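Single-structure report; data block below.
The values are calculated or read from the model by the stated rules, or taken from the named source; none is laboratory data. Computed from a prediction, not measured in an experiment: that's the story for all the values here. FYI the Cβ positions are ideal-geometry reconstructions off the backbone, even for glycines, and counts take in every protein chain you see. Ligands, DNA and RNA are excluded from the accessible area calculation, which covers all protein heavy atoms including side chains. Shrake-Rupley method; radii C 1.70, N 1.55, O 1.52, S 1.80 Å.
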Amino acid sequence: MRVVCVGGGPAGLFFSALLKRARPEFEVVVIERNQPGDTFGWGVVFSDQTLDRIAAADPRTHAAIESAFVHWDAVEVNIKGRTFRAGGQGFAGIARKRLIEILTAAAVEAGVDVRFGTEVTGPAAFGNADIVVAADGANSTVRRAHGDLFGTTVDTRKCRYIWLGTRRLFEAFTFAFEETEFGWFALHAYRFDARMATAIVECREETWRAAGLESAGIVGSIAFCEQIFARYLEGNALVSNAHHLAQPWSVFNTISNERWSLGNTVLLGDAAHTAHFSIGSGTKLALEDAISLAARIASAGDDIATAFEAYEDERRLEVLRLQNAARNSLEWFENVSRYGTLEPEQFAYSLLTRSQRIGHENLRLRDRSYVDGVETWLAARSSLARAVPPMFTPFRLRGLELRNRVVLSPMAMYSCADGVPDDFYLVHLGARAQGGAGLIFTEMTAVSPEARITPGCAGMYAPGHETAWQRIVAFVHARSDAKFALQLGHSGPKGSTQLGWEAIDEPLETGNWPVLGPSRLPYGPQNQAPVEMTVADMARVREEFVRAAEMGARCGFDLLELHCAHGYLLSSFITPLSNVRTDAYGGSLENRLRFPLEVFAAVRAVWPARKPMSVRISATDWVPGGIAPEDAVEIARAFHAAGADLIDVSSGQTSRAARPVYGRMYQTPFADRIRNELGIATMAVGNIYDPDHVNGIIAAGRADLCAIARAHLADPYWTLHAAAALGYRDVAWPPPYLAGRDQYVRNLERSNATGAP
Ligand SMILES: Cc1cc2nc3c(=O)[nH]c(=O)nc-3n(C[C@H](O)[C@H](O)[C@H](O)COP(=O)(O)OP(=O)(O)OC[C@H]3O[C@@H](n4cnc5c(N)ncnc54)[C@H](O)[C@@H]3O)c2cc1C
Ligand SMILES: Cc1cc2nc3c(=O)[nH]c(=O)nc-3n(C[C@H](O)[C@H](O)[C@H](O)COP(=O)(O)O)c2cc1C
């Protein structure tokens, strides 16, 4: 077997060494364009746990890498003259040059034919190879020679960076941020051997241009960076090893490939996938790819197609996971200006948790005193005398004081007859109010019979509704500390459909009523085409909202939410996917917002001034050409200007063509963006189910409140149980249940101590 590996970076060298060692009879060649000892870049970092697989695959190389490592434990964040240090981060740095030397030595010793100074320009270089390994980095010539056949996606990001070195020996992994007249600059710096540290400087493309760095060359760029970050360099120079480059500033490309092999060619390391340098995982992924591919080829016999498939199966998920974390991280750095408005304490916490891989309790495990400090700071900001878990800090909106940040998200229960919430609702909402959430929501409550989604939906349009809701509100206020929000809505094009546990969003089998919408576009081919609303229809519906709001105020609800999400009437005006009107209510976003804003203003006018209002929006349609997160910022801005106190940030459900990307807290980035770009309060929702999620979101300032839906169906006492799990005792259980609390806490402590379930 003749194996040609193009590229003598970490991936190609390690792969070749392992394969040749496993199958000495194979001819293994590495073709590398650089000379030995040439390398771009400076040091690379690994997190402590990443090297276990390398140790198992090749103890000797692992030992050589280990002995060249500089270990450190803390991450330091410098912002606005303040320094925050979080320990327990466990990183190791190594010079890229030293790493390449170690891997080259391993390859040569194993008998690999390593040919330096040879550039591969086309297939002729592979000769009669049985296997061609494309380990030639992110811009892989081998991959590009196949045109589109690998299904390559290149996501070109918004920052420019320059990879420099310095003799300033940072003691921690150091981040520093400086705001200039051109915009924000970030420094990522860490020591990688006894003499040198890496210093990567990064800024937005527009900042880079404004600062004149596009044409500054290496000397001008270094002078600029030295001046901005002078206080961290302590008189040490920044140096470059890339004087040969015409443009020393690069753009990061996130590379993905639909397939990693084609015939006898297989992609390895950066040629297959890249992960932004801010999570320090590219080299680790490259080395782990190498282990997997070498093992599969070594044991495959002649069936290389199966070996390639097994390699891809083994690696793809791990790569995807890290690429997701890397995307969160790089987006954070692209948006430093958004977070620059946070107070330094919160800025640092937001940075440390940016990839969503490290949660609040994990951070505490790593460095208890750092997290205690954050909690103490958060508590003081809420005028609390001592630290509490972030979710238990109070929150104020107008005259409404919430005792914590947990919210029962609005959820249709489809259990009303003629819109009347009966005893089921008293028990359902009553139990959840007693379960500890600071705020509970009704489901979307319809402002007219036709405004219901299904025949089982709740209403606020008949006198009987007011009486029924009043009884539930009175119970919640008398028997719990929870505040109670009314969500008002109109189903629009998604009305006249079946109960949630029947065929959701499908028309009724019998007894359908006509539905309204901005345009005659049905939600799906099986749904009714809505009646296109006239201006008179809009005025009527607006008055129905007003009437419902007045009824809600008389019932004693504490907050009113206007439902402008999920494709229901007001949402269907906002998204261009369902609104194709040509009058003043269609066209531009401003026009599409006109009717929802008219309804909002009319409702705000009758809703008591001391009580807050929120608006639920779909921050993206998850459909090309639909609402995108940047539109959501404008939508939020418009409602805020009209008097909304809180934006409840959901997404999707506006089109059957939507392709949402689910995951833990998957909608929280939209709430984060709106909150921190506009400086207004937001509520995050969507796959927030663990107390750690809520603590992290609140501590990082990604949102002000967290709405939890399905987890509350499984556990009405979600918040009380969260408090018990966090060892926080200062929550009010209903007095008749105190004996149950004591036993619950005791058993929890016992199972924590013994590890028993
Ligand atoms: C600024 C920056 C900082 C980084 N920091 C870290 C970090 O701290 N930790 C970490 O784990 N990762 C880091 N990375 C990522 C890391 O550098 C890569 O993920 C890793 O080097 C991938 O290894 P590779 O062998 O797949 O590719 P590469 O290291 O890119 O190696 C490819 C090799 O192929 C050679 N080559 C390319 N084309 C040809 C050709 N046509 N003919 C012959 N030879 C060719 C190149 O000269 C090169 O030696 C960083 C990346 C950047 C850009
Ligand atoms: C059964 C059910 C009914 C729902 N009804 C409503 C509703 O009436 N109004 C609304 O805005 N969202 C509604 N939602 C959406 C939830 O409020 C929430 O946004 C969504 O479930 C994501 O949160 P989760 O991951 O915590 O479940 C409903 C969700 C479920 C599961």
| Conditions: (1) hydroxyl-bearing (Ser, Thr, Tyr); (2) surrounded by fewer than 19 Cβ atoms within 10 Å (Cβ to Cβ); (3) out of contact with any strand residue (DSSP E or B) (no Cβ under 8 Å at 6 or more places or on another chain). Residue 337 meets all but one. Number of the miss? | (3)
| note | The lone condition residue 174 fails out of (1) under 26 Å from residue 263 (Cβ atoms); (2) in contact (Cβ under 8 Å) with a residue 24 or more places away in the chain; (3) hydroxyl-bearing (Ser, Thr, Tyr) is (1)
| request: Looking for whichever is in a loop (DSSP other than H, G, I, E, B) and crowded, with 24+ Cβ neighbours inside 10 Å here; the options are 387, 437. Which one fits? | output: 437
| task | Output the residue which, of all residues in segment 103-139 that are within 14 Å of ligand 1 (Cβ to nearest atom), in contact (Cβ under 8 Å) with a residue 60 or more places away in the chain and among the polar types (S, T, N, Q), is least open to solvent (accessible area, probe 1.4 Å). | result | 104
| request: Within segment 359-369, identify whether any single residue is of a type outside the set (Ser, Thr, Tyr), more than 17 Å from residue 279 (Cβ to Cβ), free of Cβ contacts under 8 Å to residues at least 40 places away in the same chain and touching a helix residue (DSSP H, G or I) at 6+ places or on another chain (Cβ under 7 Å), and answer yes or no. | output: yes
| task | Could you tell me which of the residues 511, 459, 464 is surrounded by fewer than 19 Cβ atoms within 10 Å (Cβ to Cβ), within 13 Å of residue 416 (Cα to Cα) and among the small types (Gly, Ala, Ser)? | result | 464
| request: Hey, could you check segment 230-250 for residues that are open to solvent by 40 Å² or more (accessible area, probe 1.4 Å) and of a type in the set (A, V, I, L, M, F, W, C) and say which is modelled with the lowest pLDDT? | output: 245
| request: Would you mind finding the one in 242, 246, 223 that is over 29 Å from residue 127 (Cβ atoms), without any contact (Cβ under 8 Å) to a residue 60 or more places away in the chain and in a loop (DSSP other than H, G, I, E, B)? | output: 246
| query | Wholly within segment 511-595, which helices (runs of 4 or more DSSP H) include no fewer than the required count, namely at least 3 residues that are in contact with an Asp or Glu (Cβ under 9 Å, 6 or more places away or on another chain) and away from ligand 1 (no atom under 16 Å from the Cβ)? | reply | 535-555, 589-592
| task | Would you please name the residue that is farthest from the chain's Cα centre (by Cα), looking only at residues in segment 39-82 that are charged (D, E, K, R) and either modelled with pLDDT under 95 or at positive phi (or both)? | result | 60
| task | Kindly provide the set of residues from segment 486-508 that are surrounded by 18 or more Cβ atoms within 10 Å (Cβ to Cβ) and among the charged types (D, E, K, R), ordered by number. | result | 494
| query | What residue, of 137, 88, 117, is part of a loop (DSSP other than H, G, I, E, B) and under 26 Å from the mean Cα position of the chain (by Cα)? | reply | 88
| So which residues in segment 246-284 are aliphatic (A, V, I, L, M) and touching a His at 6+ places or on another chain (Cβ under 7 Å), if there are any at all? | 255, 262
| message | Looking at segment 267-281, can you tell me whether even one residue there is open to solvent by 10 Å² or more (accessible area, probe 1.4 Å) and without any contact (Cβ under 8 Å) to a residue 40 or more places away in the chain? | response | no
| said: I'm told residue 175 meets every condition in (1) more than 10 Å from ligand 1 (Cβ to nearest atom); (2) of a type in the set (A, V, I, L, M, F, W, C); (3) surrounded by fewer than 21 Cβ atoms within 10 Å (Cβ to Cβ) except one. Can you identify the failing condition by its number? | reply: (3)
| remark: In segment 680-729, anything over 21 Å from residue 751 (Cβ atoms), hydrophobic (A, V, I, L, M, F, W, C), surrounded by fewer than 24 Cβ atoms within 10 Å (Cβ to Cβ) and away from ligand 2 (no atom under 16 Å from the Cβ) is listed as 680, 681
| message | Test of understanding: among 412, 485, which residue is within 21 Å of residue 571 (Cβ to Cβ) and in a loop (DSSP other than H, G, I, E, B)? | response | 412
| message | Being in a helix (DSSP H, G or I) and crowded, with 23+ Cβ neighbours inside 10 Å is the requirement here; does residue 477 meet it? | response | no
| request: Taking the options 32, 66, 25, name whichever one is charged (D, E, K, R), open to solvent by 20 Å² or more (accessible area, probe 1.4 Å), away from ligand 1 (no atom under 15 Å from the Cβ) and under 30 Å from residue 238 (Cβ atoms). | output: 66
| Candidate set: segment 190-220, residues that are touching a strand residue (DSSP E or B) at 6+ places or on another chain (Cβ under 6 Å) and polar (S, T, N, Q); chosen: the one nearest to residue 93 (Cα to Cα) | 198
| query | Within segment 40-47, is even one residue open to solvent by 20 Å² or more (accessible area, probe 1.4 Å) and more than 11 Å from ligand 1 (Cβ to nearest atom)? | reply | no
